[in-house]
Amino acid sequence: AEDVNLILRCSDPAFMIIDSVATLGNIPAGQSLQNQTQPFSFQVSGIQDPHTVMMEVEVTYNNDQTLLIHFPLFAGQADLLLVKDERDVLNSERYYLDVLDSLWVKTHYWDIAVHGNPDTSFLNNFPGVIWYTGYDQDSTINEANQQALMTYLDQGGKLFISGQNISDEIGSSVL
């Protein structure tokens with residue numbers, strides 16, 4: 001792709017986009033590029049209730065081609081963090097999210113496969129965490145995540161762990 005440009009947009013009135021344009025130049029076929037030199041930035045204020053905001057990135061390339069990419073972004077303070085730490089592709093997060101939504105629990109969803117491991121400073125933003133591993137039989141909660149969760153608990157956080165084989169695998173650990 002030649003002459004690649006990005007524009008970030010959001011129609012939510014609580015979002016003020018500061019740096020919304022990035023010029024990436026040319027990207028050779030089969031290659032990828034990270035936008036580290038011109039990151040998007042925005043400020044969020046006046047959020048009454050936490051909610052998911054739809055963000056849009058318009059990608060223009062080859063002088064006349066356009067691609068719109070939409071992605072959700074959670075905005076505001078949630079009551080609970082739901083962490084998906086399962087390798088199965090069962091989409092079991094829907095079971096948790098549907099129930100929590102029906103109870104009016106403001107929930108932030110975190111998928112480790114997408115976002116990586118949450119650290120303790122991130123976990124500390126939430127009074128409670130639900131961490132689930134689904135049907136995974138090994139590598140249910142890795143050592144780094146166990147350490148982050150222990151620190152979170154030591155600092156007063158509340159944790160619910162769910163999974164098929166967690167006790168078999170990490171039952172002898174400190175967590």
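The values are calculated or read from the model by the stated rules, or taken from the named source; none is laboratory data. Note that the structure is a prediction, hence the values are computed from the model and not measured. Note that each Cβ is placed from the backbone with ideal geometry, even for glycine, and that neighbours are counted across all protein chains shown. Accessible surface areas use protein heavy atoms only, side chains included; no ligands, DNA or RNA. Shrake-Rupley method; radii C 1.70, N 1.55, O 1.52, S 1.80 Å.
General remarks:
- Hits in segment 1-44 - residues which are of a type in the set (G, A, S) and within 21 Å of Y109 (Cα to Cα): A14
- Note on segment 118-149: among residues that are among the small types (G, A, S) and assigned to a loop (DSSP other than H, G, I, E, B), the one that is surrounded by the most Cβ atoms within 10 Å (Cβ to Cβ) is G134.
- Scanning segment 55-93 for residues being modelled with pLDDT of 80 or more and either polar (S, T, N, Q) or over 26 Å from L123 (Cβ atoms) (or both) gives a total of 17.
- Looking only at residues in segment 96-135 that are without any contact (Cβ under 8 Å) to a residue 12 or more places away in the chain and over 14 Å from the mean Cα position of the chain (by Cα), the one that is farthest from A148 (Cα to Cα) is S102.
- Enumerated strands (runs of 3 or more DSSP E) restricted to segment 1-117, each holding at least 1 residues that are open to solvent by 80 Å² or more (accessible area, probe 1.4 Å): 4-10, 15-19, 21-25, 41-44, 51-61, 65-75
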